[in-house]
1. I need a count of the residues in segment 5-29 that are open to solvent by 100 Å² or more (accessible area, probe 1.4 Å) and not charged (D, E, K, R).
2. Looking at this structure, is GLU212 within 16 Å of the ligand (Cβ to nearest atom), of a type in the set (D, E, K, R) and within 22 Å of ILE140 (Cα to Cα)?
3. Among the residues of segment 121-138, write down those that are within 15 Å of the ligand (Cβ to nearest atom) and assigned to a loop (DSSP other than H, G, I, E, B).
4. Inspect segment 62-69 for any residue being within 16 Å of the ligand (Cβ to nearest atom) and under 26 Å from VAL216 (Cβ atoms) and give the result as yes or no.
5. Against the condition more than 16 Å from the chain's Cα centre (by Cα), within 16 Å of the ligand (Cβ to nearest atom) and not charged (D, E, K, R), how does SER234 come out, does it pass?
6. Could you look through segment 179-206, keep only residues that are within 12 Å of the ligand (Cβ to nearest atom) and part of a helix (DSSP H, G or I), and pick out the one that is least open to solvent (accessible area, probe 1.4 Å)?
7. Is it fair to say ALA154 is free of Cβ contacts under 8 Å to residues at least 40 places away in the same chain, aliphatic (A, V, I, L, M), assigned to a helix (DSSP H, G or I) and within 11 Å of the ligand (Cβ to nearest atom)?
8. For PHE221, are the conditions met, namely being away from the ligand (no atom under 12 Å from the Cβ), in the same structural domain as TRP179 (by TED's automatic domain parsing), modelled with pLDDT of 95 or more and crowded, with 22+ Cβ neighbours inside 10 Å?
Amino acid sequence: MAWSIKNWRRDQILRHEAIPDTLWFQLIHLPCLQGLDPDELQRLRLLATLFLHEKTITGAHDLDITDEMRVTIALQACLLILNLDLDYYRNWVQIILYPGEFMLEYEYMDEFGIAHHVHDAAAGEAWSAGPVIMSWDDVIHSKLGHNVVIHEFAHKIDMLHEGANGCPALHANMSPHAWHEIFSTAYDHFCQQVDRLQEIIIDSYAAESPAEFFAVMSEMFFELPLALGQHYPSVYEQLMLFYRQDPAKRWRW
Ligand SMILES: [Zn+2]
């Protein structure tokens, strides 16, 4: 009985809160959605509808939230879980959009035991079991390969398993040992390249921590899959196993 009530509710949401056609056909042109086949697009539309039913999106600093903004966020957030489950975004409801970059204020202790109080401008932030906060300007004006929605929602998926450490809960057919080895080796290699100021297509912010590395690699995976596959083929393969998608295939004609 519980199962059928759940399905009845789901059908009601899909029927009464469906994404309007005009908005849908306008937004499926987002770069990261290119190459999805009709079945995938249909699934994405349904997932995004359910996502929008579950989440609230509010504007900070008097930003008015439009349907276009809501659907833009939902489609990109749901791309990550297209072959996973909406349950990966459980235990939190709020998304806060600022018009542009916002200030983060935090304290940390350095290696010499000195406490620092920092003010930093940010394009996005994800709290464990709390809100996702993003700059709308960064959502719509990022260059290809940078995607704040994919970045913050990759953090959300990572945080579900032992906090944000760059290793989400892996599927039964995946090896935690292989993931650890491949990501550690790639992360060390990437940090060396950043230290040597070598020109790289991947955002140097990935060198901040293994958690940021996973989030930035997820941005690359969905937006510049061929480049990621060229630079870090083993990382691409692990992400393909985890997200159960092969975005590079969408770009190989
Ligand atoms: Zn991050």
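The values are calculated or read from the model by the stated rules, or taken from the named source; none is laboratory data. As the structure is a computational prediction, the values presented were derived from the model and not from experiment. Note: ideal-geometry Cβ built from the backbone for every residue, glycine included; neighbour counts use all protein chains shown. All accessible areas refer to the heavy atoms of the entire protein, side chains included, with ligands and DNA or RNA removed. Shrake-Rupley method; radii C 1.70, N 1.55, O 1.52, S 1.80 Å.
1. Qualifying residue count for the region: 5.
2. Numbers: within 16 Å of the ligand (Cβ to nearest atom): yes; of a type in the set (D, E, K, R): yes; within 22 Å of ILE140 (Cα to Cα): yes.
Answer is yes for this residue.
3. Of the residues in segment 121-138, the ones within 15 Å of the ligand (Cβ to nearest atom) are 121-128, 130-135, 138.
Within segment 121-138, ALA123, TRP127, SER128, GLY130, PRO131 meet the criteria.
4. No, there is no match, as no residue in segment 62-69 is within 16 Å of the ligand (Cβ to nearest atom) and under 26 Å from VAL216 (Cβ atoms).
5. no
6. Taking the candidates together, the pick is ALA206.
7. Considered against the rule, which asks whether it is free of Cβ contacts under 8 Å to residues at least 40 places away in the same chain, aliphatic (A, V, I, L, M), assigned to a helix (DSSP H, G or I) and within 11 Å of the ligand (Cβ to nearest atom), ALA154 comes out as no.
8. Values: away from the ligand (no atom under 12 Å from the Cβ): yes; in the same structural domain as TRP179 (by TED's automatic domain parsing): yes; modelled with pLDDT of 95 or more: yes; crowded, with 22+ Cβ neighbours inside 10 Å: yes.
Judged against the criteria, PHE221 is a match.
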